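Working notes, structure below.
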């Protein structure tokens, strides 16, 4: 029997790291893996048997058959093809499934004002398109019907033993808007505008009588107009809260339909991408409302991009851990032209980030029928069942991850008390004032890269969570203090008053760090001496030393600690984009409570190697051999 508990997959009470694959996981009728006329059942059995033979232990699929509204107002669901797949994996393969319940929304009653409207009052084009949420989230009838459909779909699978989780929509965000071109952006449906006015009143930004006269801007605000910037900021925050509330409500409806299944979503990875505020994405509320957090990640883990990839993993893990939950990668990179080395790097990085499951996208590539959006682009095998270049490497890596599964699922990320402030307000205000040059986003990425290169493990936290401080933050980096809300400023100052340390990035002049709020530039130059500190320097002055040290600038390090402190799991990743071998060198780990550790072993696809380890005060010094791609260092 399989079950997901707090984001961890269990099989007969044994915790497992989930290694899943996607198969018939789309609601797009043109995204299918077989050619017209092929025997779908026969091909499905071949594919899923091979999937399990490759070491995958979970299926992601979609309940994509049509649903309907009965005359009595209840929703009729019937998913024969999905049932076939689920019965097969349960009876023949003994693996569980995560099922996507919704496609692009339902409109049973034929509401004419169902769709989102752009700034020109044009309805969003019929899906599939750039967003999986094309309908107005505030239309009361559509919201009710989508909730009814979600609950009915979940109830349909209530007694199916293969279903352990529901996927609540897929990549649910607002459509991207190019601020330079003033391209279509959403939602100006009258229902959304009226909901925004009520939100403005509830938040205390204006009186109800004033709110009824307000209208959201239908263009980018003038940066020279504080009033327009503030209005646009509030509109962006309203949209973000609307998406999260909707997904949380749909998760509640799914839980009502199938209480035994966990609920998650598959939010996109661009939380710290320039312009992300326009998409309405945020991780913390999703982690709080759903059973575990699920995101997409197609970001490479080599070269400068490794920082973007790393901060995405850390942002998701931190958001989930804030609520004592876990995160998964519901879609992870499985491009057909992906190399074996890419797969190794990205798998090691993900499995040692603290997440508890990976579902790759997808097993068999989409057949190139006319109109399919991603023909032959993503898959472990091509649509004609030929193996991709990475095939044998994937089998070997899956075997290694399964062998070491215990060292991932019974451990949590090692936290050093260093965090970057995550502020949705700063992202929104930054976009409103500067578009894709929002200083909070740019500075966050700069700070993260500085900290990783200096040897720190990095968390993300909201200001409101500093009161309970579940991640035990000691030093908090502020990417752009000026764009915080007044409430956030009060919260971070309260954190400092209780002994926490605030560190501000100087984005304007010297590019260093202040050990507090940024001082006014009108002060005497002598008061700016601290600005010449780099990230490590300002932390060392606070006696917060790097967690790891190594001479190679290309060595990526991620650390998990066992829940019972019996082992450390260290991910070692060669992030050199030229894939040059990292020469033998010592790795110093500066961690508390390591006195009992006596053995260090390195696991790679080349085998297992016992390493020389010495102890010095609170340091473990391990002599690493050369590192070709990536591996797992297990210290016990």
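Values quoted throughout were computed directly from the atomic coordinates according to the rules given, and no laboratory measurement underlies them. Bear in mind that the values here come from a model prediction, so they are computed numbers and not experimental data. Positions of Cβ are backbone-derived with ideal geometry, glycine not excepted, and every protein chain shown enters the neighbour counts.
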Stretch residue 141-residue 13 to full length: gain in nm at 0.36 nm per residue minus the Cα-Cα span?
-> 41.9 nm
Starting from the coordinates of the alpha-carbon atoms of segment 330-486, obtain the Kirkwood hydrodynamic radius over all distinct pairs and give the value in Å to one decimal.
-> 18.7 Å
Descending Cα extents along the principal axes, segment 549-635, whole Å | 37, 24, 21
Among 552, 26, 109, which comes first, second and so on when ranked by fewest other beta-carbon atoms within 10 Å?
-> 109, 552, 26
Ordering of 465-472, 286-293, 78-85 by packing [mean C-beta count within 10 Å, highest first] = 286-293, 78-85, 465-472
Largest first and to the nearest Å, give the Cα extent of segment 203-337 along each principal axis.
-> 50, 44, 28
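What order do you get for 335-343, 134-142 when each peptide is scored by the mean count of other beta carbon atoms within 10 Å, highest first? Working shown, then result.
Working: 335-343: 18.4, 134-142: 21.6.
Taking the mean over residues of other Cβ atoms within 10 Å, the ranking is 134-142, 335-343.
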Computed from these coordinates, which is Rg and Dmax of the Cα atoms in Å: (1) 24.9, 78; (2) 27.2, 84; (3) 29.1, 90?
-> (1)
Return a whole-number percent for the relative contact order of the chain, with Cα pairs under 8 Å and 6 or more residues apart as the contact set.
-> 12 percent
Kirkwood Rh over alpha-carbon pairs of segment 149-211 plugged into Stokes-Einstein at 4 °C, 1.567 mPa s gives a D in µm²/s of 82 µm²/s
Peptides ranked, highest mean first, by Cβ atoms within 10 Å: ranges 161-168, 266-273 = 161-168, 266-273
Here the relative contact order (percent) of segment 185-317, from C-alpha pairs under 8 Å and at least 6 apart, is 18 percent
For segment 1-23 and segment 554-614, distance of Cα centres in Å | 26 Å
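When the helix-only estimate is applied to the chain (DSSP H runs of n ≥ 4, each -39,500 (n - 2.57), divided by the residue count), what is the mean residue ellipticity at 222 nm, nearest 500 deg cm²/dmol?
After summing the helix terms and dividing by residue count, I get -9500 deg cm²/dmol.
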Under 19 Å from the residue 70 label point (7 Å along Cα→beta-carbon), backbone N, segment 248-285 = 254, 256-258
